[in-house]
Amino acid sequence: MELSAYAQGGWRLLGDPRRFPRRPYAALLRAAFRSLLDHSHAGLDDPDLKDIDPTVLKHCHAAAATCILEAGKQKADISAISTCLEDCKLDRERIEQFCTEYQKNKDALEILLGSIGRSPLHITDVSWRLEYQIKSNQLHKTYQPSYLVTLNVENSDSGSHPDVSFSCTMEQLQVLLSFVIFSMLGSSCGCNFLTTCQSK
Amino acid sequence: MTAKERASQRQIPPDCGNGEHHSFAAGWYMPTFEQILLQICTFQLGKLNVGVDTIQHGVEGLTYLLTESSKLMISETDFQDSIRVLGFSDELNKLLLQLYLDSRKEIRSVLSELAPKLPSYHSLEWRLDVQLASRSLRQQIKPAVTIKLHLHQNEDQTAQVLQTDPSTLLHLIQQLEQALGEMKTNHCRRIVRNMK
């Protein structure tokens, strides 16, 4: 795992006890994780950080965030992270503090990074309505059931997207359901196969 | 209730749909009009020696009769009672009835196309994908089902590409099964039975 020169510079500052005593160091780590995972900047208002020079604070915060994201992206293990931070002259205790904090937030970080990227519209839910058509102004005595199915979808870029709605007869809904069941069976088999491959 | 009383209640109103009250139902009791209508019904227009207007009126009247009868889905008895008041011969009445019965289904399917419609389901294709990596995260195993949904609306065909994960797929199956099951409940069966 490699960091840019700018990030390494920030970590060297973080490793310096004169610039960053123990409590501010812990506070900055917490702030860095919070800003990425909760989208909150409140962590930087921590009273333990008030004596740190703002320019240094900004540099170190960026360095910490870069390291967190790079470790998450590469799915780096503890030894890779430790090696990287040792190169930035951090002592054992500070490296362990970072690794502990990283382990606590690893799953949330993976979810966040996995959700970034382009993909087709994602179906999140379905709602349906059953109606019985009796007549229209063009045709009386139609007497047939009809379903209105709405698929709630999300766009990976902007979040919301107009839903996809369509009408269908009972027979068409049965066909649609059978396709969905086949795709479910296919994905179950596929997932089992992948789990087997991964464990080998 | 006599046949004539029933006929007067359900008689096709003498309006050919364009606002004018053509004399299709009233006053055309001349044998010549009956012959005209017979010829129109049997597509023997070449043997007629009448003006274009007369043919047009005949065709419009016939169209209105068949469309309204099909729209209302009236029974054979009601149809016969409706046209009996026109005083045509039995042969023409039988021909008109047969024409109605033969073309009713097709006319109703054409009329059903005119009703307001939402996009309707046509077909579905699916594919199982597994995402292995992306720019922001390496070493992934993220299964996804990609669906291509084909819809029809007013002669236009659209295809929408959608994706979902296996757990959402399971939820979709449960919801759609519930939707289908609803038609079999006592409530729905009672409504359907009483409507017909």
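In summary, the convex hull built on the alpha carbon positions of segment A:5-116 has an orientation-averaged projected area of 6.4 nm². Evaluating 6.51 cos²θ - 1.76 cosθ + 1.60 at θ = phi - 60° for every residue in segment B:187-196, the Karplus couplings come out as 4, 5, 4, 5, 4, 4, 5, 6, 6, 6 Hz, glycine and proline recorded as x. Return the FRET efficiency for the residue pair B:Val161, A:Asp16: r is the Cβ-Cβ distance, R0 is 51 Å, and the value is rounded to the nearest 0.05. The pair B:Val161/A:Asp16 has a calculated efficiency of 0.45.
Taking other C-beta atoms within 10 angstrom as a stand-in for reagent exposure, A:Ile134, A:Ile123 fall in the order A:Ile134, A:Ile123, fewest first. For segment A:1-102, applying the loop criterion from DSSP together with a ceiling of 16 other beta carbons within 10 Å to the GluC sites (Glu not before Pro) yields A:Glu2. Neighbouring Cβ atoms from other chains, within 10 Å of the Cβ of residues in B:70-77, number 3 on average. From least to most packed, judged by other beta carbons within 10 angstrom and beginning with the fewest, A:Asp125, A:Asp157 follow the order A:Asp157, A:Asp125. With everything on Cα atoms, drop me the angle between helix A:54-74 and the longest principal axis of chain A, reported from 0 to 90° to the nearest 10. Helix A:54-74 sits roughly 50 degrees off the main axis of chain A.
Mind checking A:146-153 for the average number of partner chain beta-carbons within 10 Å of each residue's beta-carbon?
Working: counts 2, 6, 3, 6, 0, 6, 0, 4.
Per-residue shielding by partner chains comes out at 3.
Among A:Cys67, A:Cys84, A:Cys168, the largest mean-square fluctuation in a Gaussian network model of chain A, built with springs joining Cα atoms closer than 10 Å, belongs to A:Cys168.
At a threshold of 8 angstrom on Cα-Cα distance, excluding pairs fewer than six apart, so keeping six or more, what relative contact order does segment A:122-199 reach in percent?
On the way: 93 pairs, mean separation 17.9, N = 78.
Dividing the mean separation by the residue count of segment A:122-199 yields 23 percent.
Couplings for segment A:105-114, taken from phi via the Karplus curve 6.51 cos²θ - 1.76 cosθ + 1.60 with θ = phi - 60°, read 9, 4, 5, 4, 5, 5, 4, 4, 5, x Hz in order; Gly and Pro are left as x.
Of the residues B:Thr67, A:Ser115, A:Asn155, the one whose Cα sits farthest towards the positive end of the charge dipole of the protein assembly as shown is A:Ser115 (charges of +1 on Lys and Arg Cβ, -1 on Asp and Glu Cβ, taken about the Cα centre).
For the residue pairs B:Lys94/B:Lys196; A:Lys50/A:Lys106; A:Lys135/B:Lys105; A:Lys58/B:Lys142, the alpha carbons lie more than 24 Å apart in B:Lys94/B:Lys196; A:Lys50/A:Lys106; A:Lys58/B:Lys142.
Mind sorting B:Thr164, A:Thr142 by how few other Cβ atoms lie within 10 Å of their own Cβ, fewest first? Before the final figure, lay out each step's value.
Numbers: B:Thr164 27, A:Thr142 17.
The most exposed by this proxy come first: A:Thr142, B:Thr164.
Rounded to 0.05, the FRET efficiency of the A:Asp163 and B:Cys188 pair, given R0 = 25 Å and the Cβ-Cβ distance, is 0.50.
Each other residue within a Cβ distance under 12 Å of A:Cys88 adds +1 if Lys or Arg and -1 if Asp or Glu, for a net charge of -2. Projecting label points 7 angstrom from Cα along Cα→Cβ for A:Ser156 and A:Met1 puts them 2.4 nm apart. The alpha carbon centroids of segment A:105-127 and segment A:2-71 are separated by 27 Å.
The residue list A:Ser136, B:Gln131, A:Phe98 was ranked by how far each Cα lies along the charge dipole of the protein assembly as shown toward its positive end, using unit charges on Cβ atoms, and A:Phe98 comes out on top. Length gained on full extension, B:Ala133 to B:Glu60: 19.5 nm, using 0.36 nm per residue less the C-alpha separation. Restricting the GluC sites (Glu not before Pro) of segment B:55-113 to loop positions (DSSP other than H, G, I, E, B) with no more than 15 neighbouring Cβ atoms within 10 Å leaves B:Glu113. Per-residue 3J(HN,Hα) values for segment B:97-109, derived from phi via the Karplus relation 6.51 cos²θ - 1.76 cosθ + 1.60 with θ = phi - 60°, read 4, 5, 4, 4, 5, 6, 9, 4, 4, 5, 5, 5, 6 Hz in sequence order (x marks Gly and Pro).
Residue by residue along A:64-73, Cβ atoms of other protein chains within 10 Å of the local Cβ number 1 on average.
FYI, it's all coordinate maths here, none of it is from the lab. As the structure is a computational prediction, the values presented were derived from the model and not from experiment. Don't worry about glycine lacking a Cβ; one is built from the backbone with ideal geometry, like all the others, and counts go over all protein chains shown.
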